[in-house]
1. Determine the pairs where a residue that is on the phi < 0 side of the Ramachandran plot, located within the range 170-184, has a partner that is among the basic types (Lys, Arg) and not in a loop (DSSP other than H, G, I, E, B) with Cβ atoms under 9 Å apart, the partner being 6 or more residues away or on another chain.
2. Please state which of the following conditions Asp70 fails to meet, knowing it meets all the rest: (1) surrounded by 12 or more Cβ atoms within 10 Å (Cβ to Cβ); (2) under 17 Å from Lys55 (Cβ atoms); (3) without any contact (Cβ under 8 Å) to a residue 60 or more places away in the chain.
3. Quick one: which of Tyr190, Tyr137 is surrounded by 12 or more Cβ atoms within 10 Å (Cβ to Cβ) and over 20 Å from Thr86 (Cβ atoms)?
4. Which of the residues that make up the range 140-173 are under 17 Å from the mean Cα position of the chain (by Cα), of a type in the set (Val, Ile, Thr) and surrounded by fewer than 22 Cβ atoms within 10 Å (Cβ to Cβ)?
5. Given the criteria basic (Lys, Arg) and at pLDDT 95 or above, does Arg81 qualify?
6. Does the range 74-98 hold any residues that are over 16 Å from the mean Cα position of the chain (by Cα) and either within 17 Å of Ile168 (Cβ to Cβ) or of a type in the set (A, V, I, L, M, F, W, C) (or both), and which are they?
7. For Val71, are the conditions met, namely being closer than 28 Å to Thr173 by Cα, aliphatic (A, V, I, L, M) and touching a helix residue (DSSP H, G or I) at 6+ places or on another chain (Cβ under 7 Å)?
8. So which pairs qualify, if the first residue must be in the range 27-51 and hydroxyl-bearing (Ser, Thr, Tyr), the second must be surrounded by fewer than 19 Cβ atoms within 10 Å (Cβ to Cβ), the Cβ gap must be under 6 Å, and the two must be at least 6 apart or on different chains?
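The values are calculated or read from the model by the stated rules, or taken from the named source; none is laboratory data. Since the structure is predicted, the reported quantities are computational estimates derived from the model, not experimental observations. Here the Cβ is made from the backbone with ideal geometry for all residues, glycine too, and neighbour counts use every protein chain on show.
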Amino acid sequence: MICVPLSGPLTNANKITNTLQSVKSIKVSGTTVSNYLNYLLESFLFGNAKRYDVKGKKYFEYPSKYYCTDVGLRNARLNFRQQEETHIMENIIYNELLSRGYSVDVGVVEIVESNGGKRTKKQCEIDFIVNRGSKKYYIQSALSISDPSKLETELRPLKNTRDFFKKIIVSKTSMKPWTDENGILHLGLYEFLLNESSLDL
């Protein structure tokens, strides 16, 4: 059985094929890996979120993000190794959003930066773009935002969407919800999980 080791990293069949060959010395075709990924999705063991260009308003064909439907099964399959709390928290948020009836994508925001007079384009990721009916939210998952530079990294793509949809950052805290000067809602993970109306606070 092909096992996707992490919850949440961008991947595709070619990446997995190359990893199997370089790390495990297993030769397998990209078509076979792609078929296995489809089987995992069709059996509801995994879900996937496609990348969406926020400004271009179009989907990228690949790579996508894959999330375990049951994180416990994922942990057991890996013999309880690779306990990356950041990825597991992201997986939990993804599953919760699906259970609330949202469609979930991964956002891509292109940012133009000037450095010494030279302009460069950089793609930044928004963990989740969620939609349900007329409602749309941009959500960042951050295990910790106590470091100011880490906080700024998480906020940068949200600030650069240049639209009016609600922007939220969820961190692993039990803090009370609050809104910063940029209109971005800061939510603790526990508040998000226990309050189904938390996105509308």
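1. Asn182/Lys159; Asn182/Lys167; Ile184/Lys159; Ile184/Lys166; Ile184/Lys167
2. Unmet for Asp70, out of (1) surrounded by 12 or more Cβ atoms within 10 Å (Cβ to Cβ); (2) under 17 Å from Lys55 (Cβ atoms); (3) without any contact (Cβ under 8 Å) to a residue 60 or more places away in the chain: (2).
3. Values: Tyr190 fails: over 20 Å from Thr86 (Cβ atoms).
Being surrounded by 12 or more Cβ atoms within 10 Å (Cβ to Cβ) and over 20 Å from Thr86 (Cβ atoms) holds for just one of Tyr190, Tyr137, which is Tyr137.
4. Ile145, Thr153, Thr161, Ile169, listed by residue number.
5. On the way: basic (Lys, Arg): yes; at pLDDT 95 or above: no.
Judged against the criteria, Arg81 is not a match.
6. Taking the range 74-98 and keeping what is over 16 Å from the mean Cα position of the chain (by Cα), we get 74-83.
Across the range 74-98, the qualifying residues are Ala76, Leu78, Phe80.
7. Numbers: closer than 28 Å to Thr173 by Cα: yes; aliphatic (A, V, I, L, M): yes; touching a helix residue (DSSP H, G or I) at 6+ places or on another chain (Cβ under 7 Å): yes.
When the stated conditions are applied, Val71 passes them.
8. Qualifying pairs under 6 Å: Tyr36/Ile2.
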